[in-house]
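Here's the structure, in structure tokens; my notes come after.
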Amino acid sequence: MYEPKPEHRFTFGLWTVGNVGRDPFGLPVREALSPVQIVHLLAEVGAYGVNFHDNDLVPIDATPAERDRIVRDFKQALKDTGLVVPMATTNLFSDPIFKDGAFTSNDPKVRAYALQKTMRAIDLGVELGAKVYVFWGGREGTETDACRNPVDAIKRMREAINFLCEYVIDQRYDLKFALEAKPNEPRADIYNATTGHMLAFIATLDHPEMVGVNPEVAHEHMAGLNFLHSVAQAWEAGKLFHIDLNDQYAGRYDQDFRFGSRDIKAAFFLVKFLEDVGYPGSRHFDAHAYRTEDYEGVKDFARGCMRTYLILKEKAERWNADPEIQGLLAEIHQDDPSLQPYLGTYTAVKAAALKDMPFDRIALGKRGLHYERLDQLTVEILLGVR
């Protein structure tokens, strides 16, 4: 029941299972794997697809001949394993040129280079089959607001995304953009810090229909936000183009833990939401194995992400079918037909009638809602005793 299948659309990035365990205080603990080796590792654990930053696949200083060889070998690995590439992105954060941002940099040469690098990376992503292109502005921020007016940063980011939308249209690529928010790290403060910021930004673009969001569990939890609410807002707006699944302690640095390993109830309601609404995209795990692991442990990590998702999917089905839970929900959400003439779309007649309608405020305030019982039943399903 909990074995991954292609229809589950589970994907990992080259940078996730390929993470060598380096951190700011420690050297790598695992030898680097080639992209081809990573593809075969993901096929072994049952993944559906593999995603990449341009330089995860092709080093930034590769010659054209080296680039062609690497891409050829990667395509062969995809063919041999049956894995696909649903999403690609550009690394605009690692190289020193981006130390003060890419699209928002004060230096016009850096901004122009960022556009060049991204166009070439888009070409590569499309060549390998990607339909979604993610933008994470890891360096698009500041340590001091003395360096840049944030209005200028917003305008520069808009100019860059508009430029790249026109490039995709001009090339006739079948590609959508997904913007990924994060409040901080590696910059002290990053522009467009939450999914809500990104949704507001998208509405100002020349081609908003081409651009959605890629919310990430850890990025919203870092700021102490409810990730489910961000995902729901993106879905309701028709902008949930991609999603990054992992886990995170609130208020910490970006930990990228195995999905469901920290806040199992939050993970449950997220999985339930995605399955209930029929989200059609990839379930992408943007997470890393513990630094304690060798590559057998990395496989355990990858299998664990997918297995936890499928377990929670089964728990959601059980929750939806539980008679007591559904009875409580029916009571909680019971409609009152007598109020239909007063609610919904505004009319002057409706507003006048509603202003004169009597309500028993005291009785309404005393009514218990049974949320404690509902939450306890949820916990019992998650603990496997119901």
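Could you check, for the stretch 50-65, whether at least one of its residues is more than 24 Å from the chain's Cα centre (by Cα), part of a loop (DSSP other than H, G, I, E, B) and either surrounded by 23 or more Cβ atoms within 10 Å (Cβ to Cβ) or polar (S, T, N, Q) (or both)?
From the stretch 50-65, those more than 24 Å from the chain's Cα centre (by Cα) are 59-65; that's our starting set.
Those left that are additionally part of a loop (DSSP other than H, G, I, E, B): 59-63.
Those still in the list that are either surrounded by 23 or more Cβ atoms within 10 Å (Cβ to Cβ) or polar (S, T, N, Q) (or both) too: 63.
Yes, some residue in the stretch 50-65 is more than 24 Å from the chain's Cα centre (by Cα), part of a loop (DSSP other than H, G, I, E, B) and either surrounded by 23 or more Cβ atoms within 10 Å (Cβ to Cβ) or polar (S, T, N, Q) (or both).
So that you can scan it fast, the table gives a plain yes or no per residue for (1) touching a Phe, Trp or Tyr at 6+ places or on another chain (Cβ under 9 Å); (2) closer than 30 Å to Pro4 by Cβ:
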{"site": "Cys305", "(1), (2)": "yes, yes"}
{"site": "Lys350", "(1), (2)": "yes, no"}
{"site": "Asp360", "(1), (2)": "no, no"}
{"site": "Ala363", "(1), (2)": "no, no"}
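Go through the stretch 66-85 and give me each residue that's buried (at least 21 other Cβ atoms within 10 Å of the Cβ) and more than 24 Å from the chain's Cα centre (by Cα).
Scanning the stretch 66-85 gives a single hit, Phe74.
Taking the stretch 86-116 as the search range and keeping residues that are part of a helix (DSSP H, G or I) and among the charged types (D, E, K, R), which one is surrounded by the fewest Cβ atoms within 10 Å (Cβ to Cβ)? Let's see the steps before the verdict.
Step one: filter the stretch 86-116 for residues part of a helix (DSSP H, G or I), giving 96-98, 108-116.
Imposing the further condition that a residue be among the charged types (D, E, K, R) reduces the set to 109, 111.
Numbers: Lys109: 9, Arg111: 19.
So, considering only residues that are part of a helix (DSSP H, G or I) and among the charged types (D, E, K, R), the one surrounded by the fewest Cβ atoms within 10 Å (Cβ to Cβ) is Lys109.
Can you find a residue in the stretch 84-106 that is touching a strand residue (DSSP E or B) at 6+ places or on another chain (Cβ under 8 Å), aliphatic (A, V, I, L, M) and more than 30 Å from Ala188 (Cα to Cα)?
yes
Condition first: of a type in the set (Phe, Trp, Tyr), under 17 Å from the mean Cα position of the chain (by Cα) and assigned to a helix (DSSP H, G or I). Now tell me which residues in the stretch 277-323 satisfy that. First the steps, then the outcome.
Taking the stretch 277-323 first, the residues of a type in the set (Phe, Trp, Tyr) are 279, 285, 290, 295, 301, 309, 319.
Those still in the list that are under 17 Å from the mean Cα position of the chain (by Cα) too: 279, 285, 309.
The answer is Tyr309, and nothing else.
Looking at the stretch 1-49, which of its residues are without any contact (Cβ under 8 Å) to a residue 40 or more places away in the chain and either touching a strand residue (DSSP E or B) at 6+ places or on another chain (Cβ under 9 Å) or surrounded by 20 or more Cβ atoms within 10 Å (Cβ to Cβ) (or both)?
Gly18, Ile38
For Asp247, which of the numbered conditions (1) buried (at least 21 other Cβ atoms within 10 Å of the Cβ); (2) modelled with pLDDT under 95; (3) of a type in the set (D, E, K, R) fails to hold?
Only one criterion in (1) buried (at least 21 other Cβ atoms within 10 Å of the Cβ); (2) modelled with pLDDT under 95; (3) of a type in the set (D, E, K, R) is unmet by Asp247, namely (2).
Quick check on my filter: what residues within the stretch 2-30 are part of a strand (DSSP E or B) and polar (S, T, N, Q)? First the steps, then the outcome.
Here is the first cut: in the stretch 2-30, the ones part of a strand (DSSP E or B) are 10-13, 23, 26.
Within the stretch 2-30, Thr11 is the sole residue that qualifies.
When you go through Thr81, Thr118 one by one, which is the residue that is among the hydroxyl-bearing types (Ser, Thr, Tyr), at pLDDT 95 or above and in contact with a His (Cβ under 8 Å, 6 or more places away or on another chain)?
Details: Thr118 fails: in contact with a His (Cβ under 8 Å, 6 or more places away or on another chain).
Step by step, each of Thr81, Thr118 is checked, and only Thr81 is among the hydroxyl-bearing types (Ser, Thr, Tyr), at pLDDT 95 or above and in contact with a His (Cβ under 8 Å, 6 or more places away or on another chain).
Looking at the stretch 261-279, which of its residues are surrounded by fewer than 19 Cβ atoms within 10 Å (Cβ to Cβ) and touching a residue at least 60 places away in the same chain (Cβ under 8 Å)?
Selection gives Ile264, Lys265.
So, in the stretch 31-49, of the ones that are not in a helix (DSSP H, G or I) and not polar (S, T, N, Q), which residue ends up nearest to Asp294 (Cα to Cα)? Break it down into steps so the answer makes sense when it comes.
Initially, the stretch 31-49 is screened for residues not in a helix (DSSP H, G or I), giving 31-34, 46-49.
Those left that are additionally not polar (S, T, N, Q): 31-33, 46-49.
Values: Glu31: 9, Ala32: 11, Leu33: 12, Gly46: 19, Ala47: 19, Tyr48: 23, Gly49: 22 Å.
Once the filter is applied, the top-ranked residue is Glu31.
Checking Glu324 against (1) under 25 Å from Gly384 (Cα atoms); (2) loosely packed, with under 13 Cβ neighbours inside 10 Å; (3) free of Cβ contacts under 8 Å to residues at least 12 places away in the same chain, which test does it fail?
Answer for Glu324: the failing condition is (3).
Does any residue in the stretch 213-232 that is free of Cβ contacts under 8 Å to residues at least 12 places away in the same chain come within less than 6 Å, Cβ to Cβ, of a residue that is surrounded by 24 or more Cβ atoms within 10 Å (Cβ to Cβ) six or more places away or on a different chain, and which pairs are these?
Going by the 6 Å Cβ cut-off, there are no qualifying pairs.
Going through the stretch 12-25 one residue at a time, which ones are in contact with a Lys or Arg (Cβ under 7 Å, 6 or more places away or on another chain) and not acidic (Asp, Glu)? Let's see the steps before the verdict.
Applying the first criterion (in contact with a Lys or Arg (Cβ under 7 Å, 6 or more places away or on another chain)) to the stretch 12-25 yields 20-21, 23.
Val20, Gly21, listed by residue number.
The values are calculated or read from the model by the stated rules, or taken from the named source; none is laboratory data. Since this is a predicted model, take the numbers as computed values, not measurements. As a convention, Cβ positions derive from the backbone with ideal geometry for all residues, glycine included, and neighbour counts pool all protein chains shown.
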